[in-house]
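Since the structure comes first, as structure tokens, the remarks are kept for the end.
FYI, it's all coordinate maths here, none of it is from the lab. No experiment lies behind these values; they were computed from the predicted model shown. With ideal geometry, Cβ positions are generated from the backbone for all residues, glycine too; neighbour counts draw on all protein chains shown.
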Amino acid sequence: MTALVEKLNWDSDFFGFNIARLNRSRITDADMKRVLQFCKKNKIRCLFYRAPADDGKIVDLAEQYGFHFSNFRVTYMLETDMGYRPAKIGKANFILRQCRKMDLPELSRISKNLYTASRFYFDKHFSRKACDQLYIQWMKNLGSGKKDHGIYVLADKKKIAGYIGYKQTAAGISLTLIGVNRKFQGQGIGKIMLTEFLNEMRKQGFDKFEVVTEGRNIVSQRLYQGAGFRITASAIDYHKWF
Ligand SMILES: CC(C)(COP(=O)(O)OP(=O)(O)OC[C@H]1O[C@@H](n2cnc3c(N)ncnc32)[C@H](O)[C@@H]1OP(=O)(O)O)[C@@H](O)C(=O)NCCC(=O)NCCS
């Protein structure tokens, strides 16, 4: 059985202070007291808690215990097979291709300060520099060429317009990290890239897709909704600082 609370070793090493996660969604006052004891004993500085958004009592409890709102998290899914629809690339000669190792420095530059809607950038306790590094590290992990995950880029011969990182799960494909170079945002590149990516994955036999984004991220939600994704879940991400 999963522990009620656990220290996150990777996150603690990465940020340089102890971070823990509350693993149960619907918690009680007694659970909370046990969790706080654990945090004290393990010198935890930041505690993550993903709470159900539809339970007023739990929201009250989290606030009573000094948890700070960091994100309203929304999950979208696409399950229909809409068949192969070629994307309109327009004037640019961008094509979707798999990421190469030599693309990673450019992807790191593009991703810098891009995820300002995320709970890490939103919570000012995390330094901007550490947040940038977090996404770069995430990108490197995704681009490491393992079989069940990877990155596709939308690029021409000279530059990369955007990228989609993904992971294969039991349910299908989870889109994990999506970004469009700031210079190209708001010009339909995200739509083209997502359409091309879904077409590519469908050709490979996948027909179920999931993506999580922030309630505050209107552009990404419009992007996913436009491609046919429907909302399936929501939760509140809290951070408690000690
Ligand atoms: C989210 C992101 C990938 C979208 O790519 P994009 O190329 O900018 O988006 P597009 O131009 O293809 O537009 C997608 C939709 O958003 C809308 N949109 C684009 N810019 C917008 C803006 N500034 N305000 C409101 N809506 C906007 C478009 O109209 C379109 O919706 P529609 O089909 O209903 O017209 C890109 O903006 C980005 O990299 N953002 C920062 C990183 C991020 O948030 N990633 C997603 C994390 S889950």
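The H on the amide N of ASN71, modeled in the peptide plane, is under 5 Å from the matching H of ASP237, each at least 5 residues off or on a different chain. When Lys and Arg each count +1 and Asp and Glu each count -1, what net charge do the other residues less than 14 Å away from SER144, Cβ to Cβ, add up to? The answer is +4. Debye-formula intensities of segment 97-242, expressed as log10 I(q)/I(0) at q = 0.09, 0.20, 0.21 Å⁻¹, are -0.28, -1.44, -1.57 (one equal scatterer per alpha-carbon, no solvent).
Counting Lys and Arg as +1 and Asp and Glu as -1, each charge on the Cβ, what is the dipole of the chain about the Cα centre in debye, to the nearest 20? Could the numbers behind the result be given before it?
On the way: 42 positive and 23 negative charges, 168 e Å.
Using only the charged Cβ atoms, the result is roughly 800 debye.
Which number gives the lysine pairs in segment 165-242 that have C-alpha atoms under 24 Å apart and are eight or more places apart or on different chains? Present the calculation step by step, with values, prior to reporting the outcome.
Numbers: LYS167/LYS191; LYS167/LYS203; LYS167/LYS208; LYS183/LYS191; LYS191/LYS203; LYS191/LYS208.
Qualifying lysine pairs in segment 165-242: 6.
Relative protection proxy for 62-72, 193-203, from highest mean packing down: 193-203, 62-72 (other beta-carbon atoms within 10 angstrom).
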